Amino acid sequence: MKDVGSPLYKVVLLFLSVYVLSALIAEAFLFENAETRRVLQYIDFGVCLLFLIDFFVGLWKAPQKLSYMKWGWIDLISSIPAVDPLRWGRLSKMVRIVRYLRAIKSLRILLSHLRASKFETLSLCVFLLVFITYSISAAMILEFERATGSTISTAEKALWWAFLNLLNAKTSISEARSTEGVLMTILLNKMGILLFAYLNSMIVAWLVVQRKKT
């Protein structure tokens, strides 16, 4: 994305903020399986890295560093994966992103920005679809396969299984034994095809643009 402070980028951050808070609630109250919780923690770690990068880029671009740190220190501390009790501090990021989007003052302006940046909007949709599908599938496969004696029994295996299915790797198709697991396998395969088609279209579009320039 062109600008770290663009509305589209803020939408992505808002979505990820809602996701990590939802995952935190699910980890604390819904899932009893330790391996399922570890899947959520691994994904949370990846999102934390993005939040940390966002913090340091924002600090670097801020004209007044001290003013930025007035509230930014909460983002810094709450985005450190190892500091587990402070993960609830990410609520502050979500609140301030909502305030930023409200400061645009009109949903029409945001929608016009989405229409004007069709490439960024499409990239956003593809990213969110793949991220949601991957995250939910990797966590839920452990719940569905727990009683079937499947080889998918640890967080690492679940994450690897979901990744291979996004790549449509044949070695992962037969691993799921439950009906729900087979359905998630199909869903991940379809998401992988969508991602592959999108990347191909990007390459083709880039080649067409380069050819027109010559």
How do the peptides 132-143, 16-27 rank, highest first, by the average count of neighbouring beta carbon atoms within 10 Å per residue?
-> 132-143, 16-27
Here the FRET efficiency for TRP206 versus VAL57, based on Cβ atoms and R0 = 22 Å and rounded to 0.05, is 0.30
For ILE132 and LEU21 in one chain, what is 0.36 nm times their gap in residues minus the Cα-Cα distance, to one decimal in nm?
-> 38.6 nm
Full extension from LEU183 to GLN64: what is 0.36 nm times the residue separation minus their Cα-Cα distance, to one decimal in nm?
-> 37.7 nm
Lys and Arg at +1, Asp and Glu at -1: add these up for the other residues within a Cβ distance under 15 Å of MET140 and post the number.
-> -2
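Just so you know, all these numbers are worked out from the coordinates, no wet-lab data involved. Just so you know, these numbers come straight off a predicted model, no measurement behind them. Virtual Cβ from ideal backbone geometry, glycine too; neighbours counted across all protein chains shown.
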